[in-house]
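Structure first, commentary second.
Laboratory data are not the source of any read-out in this text; all were calculated from the coordinates shown. Small disclaimer: the values here were computed from a predicted structure and weren't measured. Quick reminder, even Gly has a Cβ in these numbers, built from the backbone with ideal geometry, and neighbours come from all protein chains shown.
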């Protein structure tokens, strides 16, 4: 076997790199949106329990969305690779644009706060689901011990 046959396809990124990128994006969005949410909750604009309910519901949906992520285990190189998920990408950008419109164009904070909780819930749920799915693929293919 040649070295190229042992490696994952070049157009696919290894799971570890993709997971770290997703984690960094979640940290940035979580920090920015978290500060805004904290301000709105503290000012009495948006109740914390409503934010928690929206976040939890969307985290469950995001966890389910892990099934939509194209993944592949490569036995020769002992790697799991992930492909780009266009549906999720378009969904998150549409929600971010909607949040920006409510925040900065029409100045209605409650829908913007709801969209922030939706975005964070989807991102956190999907990231945790992807991590578990990658681990399951690694165990199933014998890359790591279960």
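If you take the beta carbon distance between residue 93 and residue 48 as r and set R0 to 30 Å, what does 1/(1 + (r/R0)^6) give as a FRET efficiency, to the nearest 0.05?
So, using R0 = 30 Å, E works out to roughly 0.65.
Helix 86-100 versus the longest principal axis of the chain: what is the Cα-based angle in degrees, 0 to 90, to the nearest 10?
Taking Cα atoms only, the helix is inclined about 20 degrees.
Each label point is 7 Å from the Cα along the Cα-to-Cβ direction; what then is the distance between the points at residue 32 and residue 86, in nm?
2.5
Quick one: helix 15-42 against the long Cα principal axis of the chain, what's the angle to the nearest 10°, folded into 0 to 90?
10
Can you tell me the 0 to 90 degree angle between the C-alpha axis of helix 48-65 and the longest principal axis of the chain, rounded to 10?
Taking the Cα atoms of the chain, the angle to 48-65 is about 20 degrees.
Averaging sequence separations of C-alpha pairs under 8 Å and six or more residues apart, then dividing by the length of region 37-140, give the relative contact order as a whole percent. Let's see the in-between values first.
Details: 121 pairs, mean separation 44.1, N = 104.
Relative CO of region 37-140 lands at 42 percent.
Taking 7 Å along the Cα-to-C-beta vector as the label spot, tell me the residue 107-residue 23 distance in nanometres, rounded to one decimal.
A separation of 4.1 nm, rounded to one decimal place.
Go ahead and estimate [θ] at 222 nm for the chain from helices alone: -39,500 (n - 2.57) per DSSP H run with n ≥ 4, summed, over the residue count, rounded to 500. Intermediate results must be reported in sequence, preceding the final value.
On the way: 5 runs with 97 residues, N = 146.
Computed mean residue ellipticity for the chain: -23000 deg cm²/dmol.
What is the Cα centroid distance between region 47-108 and region 117-138, reported in whole angstrom?
9
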